[in-house]
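Below is one structure, written out as structure tokens, with a few remarks after it.
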Amino acid sequence: MAGEPQDDCLFCRIVEGHVPATIVRETETTVAFRDINPQAPTHVLVIPKAHYPDAAALAAAEPTLAADVLREARSVADEDKLESYRIVFNTGAGAGQTVWHAHAHVLGGRGLQWPPG
Ligand code: 5GP
Ligand code: ZN
């Protein structure tokens, strides 16, 4: 069923506490944790606890939950006192998506180039 935990999903396993992560924020519906391979001084992943394969699927199925993820991304940036930051949803392998559980990257703490390349 849509949103149900998947045994073979790394981020579902983090939600369940079966894989360790440096969690910075948690709500009833979301978890935010530091990326294992940070690309900036702040590099936090915000995920819905429910499993959706990417941000588009999440937004289509549960727009309120998608909004929760965005709100939490803002809270992560506020906690790290970031004036400027970037929220990224890599969607599809060609855009760099490697984990098929919707997640927002929150990046900041250094200058960020645009376009990103
Ligand atoms: P994507 O490439 O799918 O947009 O982002 C997946 C992110 O998950 C990557 O930035 C990668 O470094 C991060 N990641 C992969 N495995 C782990 C892990 O076990 N723990 C944490 N905290 N991050 C991970
Ligand atoms: Zn999952």
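The table that follows gives values for the structure above.
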read-out	value
Three-way shape call for the range 10-108 based on the alpha-carbon gyration tensor, with the a/c threshold at 1.5	rounded
Amide H contacts under 5 Å for His51, placed H, 5+ residues apart	Gly3, Glu4
Selected from Glu26, Glu62, Glu16 as most flexible by GNM, with the chain as the system and alpha-carbon contacts under 10 Å	Glu16
For the range 60-117: rounded, prolate or oblate by the Cα gyration tensor [a/c cutoff 1.5]	oblate
Difference of contour (0.36 nm per residue) and Cα-Cα distance, Thr64 to Gln113	14.6 nm
Simple label model, 7 Å out from Cα along Cβ direction - Glu26 to Arg74, nm	2.4 nm
For the range 96-103, Karplus couplings with θ = phi - 60° (6.51, -1.76, 1.60), whole Hz, Gly/Pro x	x, 5, 10, 10, 9, 9, 3, 8
Relative contact order computed over the chain (Cα-Cα under 8 Å; 6+ residues apart), in percent	29 percent
Virtual paramagnetic centre 7 Å along Cα→Cβ of Ala95, amide N under 14 Å, in the range 42-75	53-60
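Where a number appears in this text, it was derived from the coordinates with a stated rule and is not lab data. This is a predicted model, so every value here is computed, not measured. Here Cβ is always computed from backbone atoms with ideal geometry, including for glycine, and neighbour counts include all displayed protein chains.
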